[in-house]
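Peer 1: The structure follows.
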Amino acid sequence: MEGQILEQRSSYRRGLVLGLTMAEIMVLLVFCLLIAMAAFLKREETRRIAAEQELKEEHAQNEQIREVVNSLSKSAAVAEKVENLSGLSDPQAIDQYWRELVDSRSVVKEIEKSLTVKELRESLANIAALRANGVSVDKAIRDAEIVGAINRAMAKPGDPPVSAQSVLETLARGMAPGNGGHQWPPIIRMSEADGYFFKSGSAELSPTFHEALSSKTPIEILNYIRKYDVDIIEVVGHTDERPIGLRQYSNLDRDLLPVLKNDAGVVSLVPADNAGLGLARAVAVVSVLRQSPLLAGYKLIPLSGAQLVNTDETLAISPSPGDIQQRRRIEIRLRKSSSSEATGSLAPTATAVPPR
């Protein structure tokens, strides 16, 4: 008996899975399926309720619209006004017209969130004017972007937008045949041969010369600045080869800056050679030009060419010690500054100017 009982227990253990019989496992599977089915049905029930709610709201809205349409159709005065405004007599066409009015009102409300009615009317008028002139709105937007880019490229910060004439002149220079490379502004020459005199051996300006530098010359310089887009004004003093006399000392190191600042007169400058005389005369011209409001904000630099540069831009190697008025001159040269140059420089940066 004892041996048989043990054999029956061993057979019973082989029919278990994780301590459960097959019947118990099937019951658990059916229970899990029921839970999943219940969750699915609950979700579908929620969707059905939401859809029914939306349907009810749409029915209510349609009923309101029908009531408004019926009341309007029963009102002879309103119907007459709608008919007069639309020019229609068919009831279905009038209903369609009314729906379009309602839709238009909704669109206008959306637009009013960003534009006023006045701005909207002005925009529509501008669009109509563009179309009347054969200009599409897209083309007008592109043209406005081009004009904005031109103004950003040509106008300096703080300056007003460039004029249409300036843009046309710039385009004409760029499109001119055979004008490759940078177009240099012309040199403004003011020599004794043209009536612009200094006192002999001095930087003192004649009254006529001073008057020209105060009135006419700044206007001429400003025109070239705007035309060629430059911002540096170099004033170069040139002399002939005649020595200025025996002088033991020069006070340019001490008195150049006071003259530039108009704290001292030009007559106080005493150069000892032609290089100093050319620089002193350039300083005299700069001191007058700096007082012109037309040239405010531009860089004025005095330089000396002494007797080293001929009037034809060649190096003066061959001696010509005679009295040549054309060589005793002031040259005003304009150029554009580079990014590495210091701004607002007034002190001389060189003692001789190489030929251009």
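Just so you know, all these numbers are worked out from the coordinates, no wet-lab data involved. What you are looking at is a predicted structure, and each value in this text was computed from that prediction instead of being measured. Every residue, glycine among them, receives a Cβ derived from its backbone with ideal geometry; neighbour counts consider all protein chains shown.
Peer 1: Give the long-range amide H neighbours of L300: residues separated by 5 or more places, or on another chain, with amide H under 5 Å away, using H modelled in the peptide plane at 1.01 Å from N.
Peer 2: I233
Peer 1: When ranked by the protection proxy of mean other Cβ atoms within 10 Å per residue, highest first, what sequence do the peptides 268-281, 30-43, 214-227 form?
Peer 2: Working: 268-281: 22.7, 30-43: 9.7, 214-227: 15.3.
Ranking the peptides 268-281, 30-43, 214-227 by packing returns 268-281, 214-227, 30-43.
Peer 1: Sticking with this structure for a sec: Over all directions, average the projected area of the Cα convex hull of the range 188-305 and note it in nm². Show your work: numbers first, answer last.
Peer 2: Details: hull surface 28.9 nm².
The Cα convex hull of the range 188-305, projected and averaged over all directions, gives 7.2 nm².
Peer 1: Among the listed pairs K199/K336; K199/K227; K227/K299; K227/K261; K199/K261, which have their C-alpha atoms separated by more than 23 angstrom in this model?
Peer 2: K199/K336; K199/K227; K227/K261
Peer 1: Also: Which of the aspartates and glutamates could a cross-linker span from K56 if the Cα-Cα distance has to be under 17 Å and same-chain partners fewer than 8 positions apart are dropped?
Peer 2: Cα-Cα hits under 17 Å: E45, E67.
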